[in-house]
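Participant: Provided herewith is a single structure, encoded as structure tokens, for subsequent inquiry.
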């Protein structure tokens, strides 16, 4: 086999393994996080097609894992973090958690590789895989329980807050923002996996882009966290964020030991990234920081979300926190 053929085989092996891994993450996508606690026969089960693939390509799989070990572990870590935050968008998975998760996937992949090397008979492989996954599940369960100690409580971690991609029409109506009033270029901050509003705006002739930590990146969508996104001063004409950045900012404002300062700094970075007469348009509102903005620099407009007027959630925020947040806000930079 030539070097070129060998590289082609290794790439094919990697693509197949990633496909099986992605299918596994998708298999559990609709399962509540609490149901993934150890022990679980479902978690430890593997499809027959994967067993057959591993048996037929045992040596090549081991070679691929040796040559692409860092790439493999980073792939699993990225998918795992996305999985946890899809279950609960408000979970904080910081550097400490990423370090723990990295160590676990390095260990898990090492056990997987060692098992393949030690498995002399294909009939033993299903049992071996089940044993490796059983240990992995115990470690992931402990990881989730540790998250609870840094994310309010066990009940909070195992809860499933509503998180959805809304239609472009609904987002623009809630934000009181006709497309002809948007100043280019436009950034959708927290655009969602598919960036539907971004692609809609581009279909209308707008120069629109999106950023989201869980997005499927393309030429207009950037996969990034808003804390790591480079907000170039004076670049954007409009920055939109429907039920995304301000929703998280509000969560951390109300949350004991929330990351309030980090969000406040990011909020000001967003405003500094606006052109003169550019606007940051978002919902829900953030009255606690909007009141602090210098009026000679920013014009703050609020738009009632009539569908929420008089609702129980509106009354809850008012009576529990003394806040009226169920409105859309447009902050325009005057100079």
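Throughout, read-outs are computed from the coordinates displayed, never taken from laboratory work. Bear in mind the structure is a predicted one, so any value in this text is a computation, not a measurement.
Participant: Using Cα pairs under 8 angstrom and six or more residues apart, how large is the relative contact order of the chain, in percent?
Facilitator: It comes to 12 percent, rounded to a whole number.
Participant: How are the alpha carbon pair distances in the stretch 83-135 distributed across 5 Å bins from zero to the largest one, expressed in percent?
Facilitator: 4, 17, 19, 17, 13, 12, 9, 6, 2, 0
Participant: What angle do you read, to the nearest 10 degrees and between 0 and 90, between the alpha-carbon axis of helix 125-150 and the longest principal axis of the chain?
Facilitator: In the chain, helix 125-150 runs at an angle near 30 degrees to the longest axis.
Participant: A further question follows. Which of 317, 245, 303 ends up with the largest GNM mean-square fluctuation for the chain, with Cα atoms connected below 10 Å?
Facilitator: Of 317, 245, 303, the most mobile in the Gaussian network model is 317.
Participant: Moving to a separate point now. Quick one: check the C-alpha center-to-center distance for the stretch 112-128 versus the stretch 10-55, whole angstrom.
Facilitator: If we compute the Cα centre of each part, the gap is 16 Å.
Participant: Separation of the stretch 314-335 and the stretch 79-93 by C-alpha centroid, Å?
Facilitator: Spelled out, the Cα-based centre of one part sits 26 Å from the other.
Participant: In whole angstrom, how long is each semi-axis of the equivalent ellipsoid of the stretch 3-157, when you take the square root of 5 times every eigenvalue of its Cα gyration tensor and sort them from largest down?
Facilitator: After diagonalising the Cα gyration tensor, the semi-axes are 29, 17, 13 Å.
Participant: Hey, what's the Kirkwood Rh for the chain if you take every pair of different alpha carbons, in angstrom?
Facilitator: 22.5 Å
Participant: Also, quick follow-up: What is the extension gain from residue 26 to residue 220, computed as 0.36 nm multiplied by their sequence separation minus the C-alpha to C-alpha distance, in nm to one decimal?
Facilitator: Working it through step by step, the gained length comes to 67.4 nm.
Participant: Run through the DSSP bridge list for the chain and note the antiparallel percent, rounded to the nearest 5.
Facilitator: Of all bridge pairs located within the chain, approximately 40 percent are antiparallel.
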